[in-house]
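Student: Here it is: the structure, laid out below.
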Amino acid sequence: MIRFANFFIFSLDNNSSNVINNFVFYSFYRISMGHVEVHIVYLGEKQHDDPKFVTESHHRMLWSLLGSKEEAYDSMVHSFRHGFSGFAAKLTESQAKKIANLPEVVHVIPDRFYKPATTRTWDYLGLSASNPKNLLNETNMGEDMIIGIIDTGVWPESEVFNDNGIGQVPSHWKGGCESGEAFNSSHCNKKLIGAKYFINSFLAENESFNSSASLDFISPRGYNGHGTHVATIAGGSYVPNTSYKGLAGGTVRGGAPRARIAVYKTCWYLDDEDITTCSSADILKAMDEAIHDGVDVLSLSLGYEPLYPETDVRDGIATGAFHAVLKGITVVCAAGNSGPAAQTVTNLAPWIITVAATTLDRSFATLMTLGNNKVIMGQAIYTGPELGFTSLVYPENPGNSNESFSGTCERLIINSNRTMAGKVVLCFTESPYSTSASRAVSYVKRAGGLGVIIAGQPGNVLRPCLDDFPCVSVDYELGTNILFYIRSNGSPVVKIQPSRTLIGQPVGTKVASFSSRGPNPISAAILKPDIAAPGVSILAATTTNTTFNDRGFIFLSGTSMATPTISGIVALLKALNRDWSPAAIRSAIVTTAWRTDPLGEQIFAEGSPRKLADPFDYGGGLVNPEKATKPGLVYDLGLEDYVLYMCSVGYNETSISQLVGKVTVCSNPKPSVLDFNLPSITIPNLKDEVTLTRTLTNVGPLNSVYKVTVEPPLGVQVTVTPETLVFNSTTKRVSYKVRVSTKHKINT
């Protein structure tokens, strides 16, 4: 399944002969004992430039397998014909095995499903429109760039899609707007220039889906506001005087507010399960179309379980991304929301920019006054009236009762109504997710309670509670202080004030507790995540039928929100440097990132315990848009580099050849993965001395001289040769070697 990157993951097959095959997909139905499933048939690089010819070749392949032209057309779900070659079709298991044995087929796999994983962000990152000489204004706010959003669709009436003052649609755009339920071409404009939907594989796998009764729209219009939210962050137009019921007030806009938005809806709401899900075959088809349409950036706040090797065809995003990157399209994906545990990061392919989430220098302070006049500052998005002094309770057995009691947030339901009625309830949770708060609120409201104080891990995700019910988060220490007050007082009471927005110091920047962490669980020598960006309590547009919204705007948290922040910045960088490759853009972002917050304060990583953030939490660090415009040097990558990478990790030569569209022979001995030209160096299990190579390309002043400085990890020796790199009109690229050794007996 694929889910939204407000929470998702991947996994891989270690069989090196199969790993490469996630570059081209076909979707088929797998049938076992009469059972049919959609499968993805991946054929690699397309062999013909005419899309009609490519699709007809797919039909002929199915025709030869199924025996008739009619059955071939009925079986076909999608034809991938622009960025790469492949198709999705409904097949039995035996049929899938037969077609997999054809020499032109790279891989056949069953379809998989994914789930969908502001006002302050841009000022915080130094991209204020008030500075006439910054990246934003030097690129005319990204006006000629097109950002493709693959997600849950769009709410076109949102103010963030206004095209006031925006020029004509860029000449390289070949896409359009597709009509459907409650959506037609009139909903598009010079801002929202593309809108398509992809549902065939979803329908093939969900035969009970009732499109006429579903709350979702069979069109680019999104019932779930996730897609509109991420589109706002990446490239939404200016919308002044926006807030959530008075909190976080200001102007909402995207990172590239004049960039054009093209929406590809691949994720659909299942009413009976109350989830949103996305087929990998539908996503691949959307990526194929986006490549054809002419997008400059692809933003995917999606992920899935389990993990596959980054070149396994079952990882549809990595496969589509490979072909997009080779055509100059930067692909930005979410790291996932399974933190703070190690090795939970997803979207691991080395050609993808993988994004972690941090907090902003903003908090929503909610003051609580105890009966002993002690003031506790919690966090909440509470905009209701002040709750005057009210009885405060922690449900526990006083020692003389036969009733059941629980002060655990998820188990408040076992308490009697009279325990909680008319009171504010304190509870404790170990869960970092907002579901524990939602359950606690529902139990207390049902019992007639008046508020909840939730004590848990620092960094818990905030969201407003239904009906503006007071639900305030505190950490364990503050929760324990409140508990001691309750136990020491015969009639404990508390007063809760509405939340207030605090900006700047002393509010520190932290890697969010939910943000998935490295090291890379599949290829440990490839650092993931690549970069971090704000993704906590981000205010952006949504559908107007969402429960928690004000004027069509809502707070959401997740690496889903951090991802389009990077996508917007990528659009600006590409507008400024049209000749930079996706790898060069990634290098510029990673090597110039802040390793402190913008004010020079340390960045911590939320968790138990909290610690200083490191590259496995945030990659290169917190994105610094202005510095990324002038990196001086970049670590670039092209097709040959990706081929060397695939050879170095043992992928099958035949599969590599089909993937890239030409015969490939890996060297013997195979190249070292440590030489892959990333803007980072990660050495797993350092034991013996290791020597590796990096190559730098000058994008700064023509005549430049750079001297090395080394700050080695404790107990590690690092030597760089040469120590000086000289660039001039004839020398644009220079390589250097790094020799690394250690005195440690035991290493990780």
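The values are calculated or read from the model by the stated rules, or taken from the named source; none is laboratory data. Computed from a predicted structure; not experimentally measured. Glycine also receives a Cβ, built like all others from the backbone with ideal geometry; neighbour counts cover every protein chain displayed. Accessible surface areas use protein heavy atoms only, side chains included; no ligands, DNA or RNA. Shrake-Rupley method; radii C 1.70, N 1.55, O 1.52, S 1.80 Å.
Student: Which members of the range 470-495 meet the condition of being in a loop (DSSP other than H, G, I, E, B) and either within 21 Å of Tyr443 (Cα to Cα) or open to solvent by less than 20 Å² (accessible area, probe 1.4 Å) (or both)?
Tutor: Pro470, Pro492
To keep it simple, each residue is scored yes or no on (1) part of a strand (DSSP E or B); (2) assigned by the TED database to the domain that holds Lys285; (3) touching a strand residue (DSSP E or B) at 6+ places or on another chain (Cβ under 6 Å).
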{"position": "Asn189", "(1), (2), (3)": "no, yes, no"}
{"position": "Ser219", "(1), (2), (3)": "no, yes, yes"}
{"position": "Tyr264", "(1), (2), (3)": "yes, yes, yes"}
{"position": "Tyr269", "(1), (2), (3)": "yes, yes, yes"}
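Student: Now for a separate question. Quick check on the range 179-237: of everything there that is open to solvent by 50 Å² or more (accessible area, probe 1.4 Å), among the small types (Gly, Ala, Ser) and in contact with a Ser or Thr (Cβ under 9 Å, 6 or more places away or on another chain), which residue is farthest from Thr251 (Cα to Cα)?
Tutor: Among those residues, the one meeting the criterion is Ser179.
Student: I would also like to ask the following. I'd like the full set of residues that are more than 17 Å from Leu659 (Cα to Cα) and open to solvent by 10 Å² or more (accessible area, probe 1.4 Å), limited to the range 80-91.
Tutor: Scanning the range 80-91 gives a single hit, Lys90.
Student: Give the range 667-694 a look and list any residue that's acidic (Asp, Glu) and assigned to a loop (DSSP other than H, G, I, E, B), or say none.
Tutor: Selection gives Asp688, Glu689.
Student: In the list Pro395, Pro385, which residue meets the criterion of being assigned by the TED database to the domain that holds Cys471, crowded, with 18+ Cβ neighbours inside 10 Å and part of a loop (DSSP other than H, G, I, E, B)?
Tutor: Pro395
Student: Hey, another quick one. Out of all the residues in the range 27-47, which are more than 19 Å from Phe113 (Cβ to Cβ) and modelled with pLDDT of 50 or more?
Tutor: Gly34, Leu43, Gly44, Glu45, Lys46, Gln47
Student: Take the range 271-297 and flag every residue that is part of a helix (DSSP H, G or I) and open to solvent by 10 Å² or more (accessible area, probe 1.4 Å). Please lay out each step first, then the result.
Tutor: Of the residues in the range 271-297, the ones part of a helix (DSSP H, G or I) are 280-293.
Across the range 271-297, the qualifying residues are Lys285, Glu289, Ile291, His292.
Student: Scan the range 715-748 for residues that are polar (S, T, N, Q), open to solvent by less than 70 Å² (accessible area, probe 1.4 Å) and closer than 21 Å to Val699 by Cβ and jot them down.
Tutor: Thr724, Asn728, Thr731, Ser735
Student: Also, I was wondering about something else. So in the range 626-661, with the set limited to residues that are in contact with a helix residue (DSSP H, G or I) (Cβ under 8 Å, 6 or more places away or on another chain) and among the β-branched types (Val, Ile, Thr), which one is most open to solvent (accessible area, probe 1.4 Å)?
Tutor: Filtering the range 626-661 for residues that are in contact with a helix residue (DSSP H, G or I) (Cβ under 8 Å, 6 or more places away or on another chain) and among the β-branched types (Val, Ile, Thr), the one most open to solvent (accessible area, probe 1.4 Å) comes out as Val649.
Student: Okay, moving on. Which condition number does Glu403 fail, the rest of (1) more than 20 Å from Arg487 (Cβ to Cβ); (2) charged (D, E, K, R); (3) at pLDDT below 85 being met?
Tutor: (1)
Student: Taking Val169, is it closer than 18 Å to Gly222 by Cβ, surrounded by 15 or more Cβ atoms within 10 Å (Cβ to Cβ) and among the hydrophobic types (A, V, I, L, M, F, W, C)?
Tutor: Working: closer than 18 Å to Gly222 by Cβ: no; surrounded by 15 or more Cβ atoms within 10 Å (Cβ to Cβ): yes; among the hydrophobic types (A, V, I, L, M, F, W, C): yes.
No: the conditions fail for Val169.
Student: Take Thr664 and decide whether it is of a type outside the set (A, V, I, L, M, F, W, C), more than 30 Å from Ile746 (Cβ to Cβ), open to solvent by less than 60 Å² (accessible area, probe 1.4 Å) and assigned to a strand (DSSP E or B).
Tutor: Answer is no for this residue.
Student: Quick one: in the range 434-451, of everything that is touching a Lys or Arg at 6+ places or on another chain (Cβ under 9 Å) and of a type in the set (A, V, I, L, M), which residue is nearest to Ala512 (Cα to Cα)?
Tutor: Ala437
Student: Now a separate question. Can you tell me which of (1) part of a loop (DSSP other than H, G, I, E, B); (2) surrounded by fewer than 21 Cβ atoms within 10 Å (Cβ to Cβ) is the one Ser94 doesn't meet?
Tutor: Failed condition: (1).
Student: A follow-up question, please. Name the residue, out of Asp123, Asp74, that is surrounded by fewer than 24 Cβ atoms within 10 Å (Cβ to Cβ) and either within 30 Å of Leu572 (Cα to Cα) or of a type in the set (Gly, Ala, Ser) (or both).
Tutor: Asp123
Student: Could you grab me the full set of residues in the range 587-625 that are open to solvent by 10 Å² or more (accessible area, probe 1.4 Å) and within 13 Å of Thr354 (Cα to Cα)?
Tutor: Val590, Pro615, Phe616, Tyr618, Gly620
Student: Sticking with this one: Every residue in the range 174-187 that is over 25 Å from the mean Cα position of the chain (by Cα), of a type outside the set (A, V, I, L, M) and not in a strand (DSSP E or B), please.
Tutor: Lys174, Gly176, Glu178, Ser179, Glu181, Asn184, Ser185, Ser186, His187 - these are the residues of the range 174-187 that are over 25 Å from the mean Cα position of the chain (by Cα), of a type outside the set (A, V, I, L, M) and not in a strand (DSSP E or B).
Student: Then there is this: Is it fair to say Leu686 is within 21 Å of Asn520 (Cβ to Cβ), surrounded by fewer than 20 Cβ atoms within 10 Å (Cβ to Cβ) and either at pLDDT below 90 or of a type in the set (A, V, I, L, M, F, W, C) (or both)?
Tutor: Working: within 21 Å of Asn520 (Cβ to Cβ): yes; surrounded by fewer than 20 Cβ atoms within 10 Å (Cβ to Cβ): yes; either at pLDDT below 90 or of a type in the set (A, V, I, L, M, F, W, C) (or both): yes.
Against the criterion (within 21 Å of Asn520 (Cβ to Cβ), surrounded by fewer than 20 Cβ atoms within 10 Å (Cβ to Cβ) and either at pLDDT below 90 or of a type in the set (A, V, I, L, M, F, W, C) (or both)), Leu686 qualifies.
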